[in-house]
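All remarks here apply to the structure that follows.
The values are calculated or read from the model by the stated rules, or taken from the named source; none is laboratory data. What you see is a predicted model; the values in this text were computed from it and never measured. Neighbour counts run over all protein chains shown; Cβ positions are idealised from the backbone, glycine included.
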Amino acid sequence: MTNALDRIDRHILRCLQLDNKVSNLQLAEEVGLSPPACLRRVRRLREEGIIVADVSLVNPRLLGRVINIIVEVEMNRDQLDVHDAFMLKMQAAPEVTQCYQVTGDVDFVLVVMVADMEAYEAFARRELASDINLRKFRSLISLKRNKFSTAVDLDQI
């Protein structure tokens with residue numbers, strides 16, 4: 001599917017990744033298309049699942065979520081049902097903003113966002129320490145976020 005993206009599609013995607021509230025008229029002008037042609041392309045990108053969501057990024061610090069914690073999780077057993085149950089549990093936990101099943105020494109890497117250490121301790125007790133299928137977990141507390149981006153690099157497509 002990505003092979004079908006031409007230069008104009010990639011330009012549209014770059015623009016929308018920077019500001020998805022740009023008007024179709026402005027977007028069409030920026031990429032060098034007529035407004036109807038631009039709208040058709042954006043609709044196609046959505047229909048094909050290349051554009052999956054239009055969201056607003058919220059500043060977590062202004063809402064009291066000031067601590068980011070990366071958590072490495074090792075399960076007791078490498079079984080599909082155990083991993084599936086853990087993934088469902090993490091999807092339901094509002095503190096977990098990202099959950100990755102990974103290869104290597106650990107089974108999962110989580111990104112957890114909380115207001116303070118007491119909130120993290122409550123999360124860890126409720127969701128991690130109480131899980132009988134979890135062997136151990138390690139918490140890495142972020143001191144500073146040096147880079148954060150939701151944009152996909154389109155130059156290599």
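Annotations for the structure displayed:
- Screening the candidates Asn20, Asn76, Asn24 for the property of being over 30 Å from Ala122 (Cα atoms), over 17 Å from the mean Cα position of the chain (by Cα) and not small (Gly, Ala, Ser) yields one hit, Asn24.
- Contact map, the range 69-80: residues that are free of Cβ contacts under 8 Å to residues at least 40 places away in the same chain and surrounded by fewer than 13 Cβ atoms within 10 Å (Cβ to Cβ) paired with residues that are among the aromatic types (Phe, Trp, Tyr) and not in a loop (DSSP other than H, G, I, E, B), Cβ distance under 7 Å, separation 6+ or inter-chain. No pairs are found.
- Residue in the range 56-66 that is in contact with a strand residue (DSSP E or B) (Cβ under 8 Å, 6 or more places away or on another chain), surrounded by 15 or more Cβ atoms within 10 Å (Cβ to Cβ) and either part of a loop (DSSP other than H, G, I, E, B) or not basic (Lys, Arg) (or both) present: yes
- Some residue of the range 44-55 being surrounded by fewer than 10 Cβ atoms within 10 Å (Cβ to Cβ), outside any loop (DSSP other than H, G, I, E, B), at pLDDT 95 or above and not hydroxyl-bearing (Ser, Thr, Tyr): yes
- Enumeration of residues in the range 79-108 that are of a type in the set (Phe, Trp, Tyr) and over 14 Å from Glu127 (Cβ atoms): Tyr100
- Qualifying residue in the range 103-115 (condition: of a type in the set (A, V, I, L, M), over 30 Å from Ile8 (Cα atoms), touching a Gly at 6+ places or on another chain (Cβ under 7 Å) and touching a residue at least 12 places away in the same chain (Cβ under 8 Å)): yes
- In the range 69-93, the residue that is farthest from Ser139 (Cα to Cα) out of those that are at pLDDT 95 or above and among the acidic types (Asp, Glu) is Asp84.
- Test: residue in the range 110-129 that is under 30 Å from Leu45 (Cβ atoms) and in contact with a Cys (Cβ under 7 Å, 6 or more places away or on another chain): no
- Cross-chain or 6+ apart pairs with Cβ under 8 Å, the range 141-157 first and in contact (Cβ under 8 Å) with a residue 60 or more places away in the chain, then outside any loop (DSSP other than H, G, I, E, B) and of a type in the set (Ser, Thr, Tyr): Ile157/Thr2
- Taken over the range 110-127, the criterion of being closer than 21 Å to Leu62 by Cα and assigned to a strand (DSSP E or B) is satisfied by Val111, Val112, Met113, Val114.
- Tally of residues being farther than 24 Å from Gly64 by Cβ and surrounded by fewer than 16 Cβ atoms within 10 Å (Cβ to Cβ) across the range 101-128: 5
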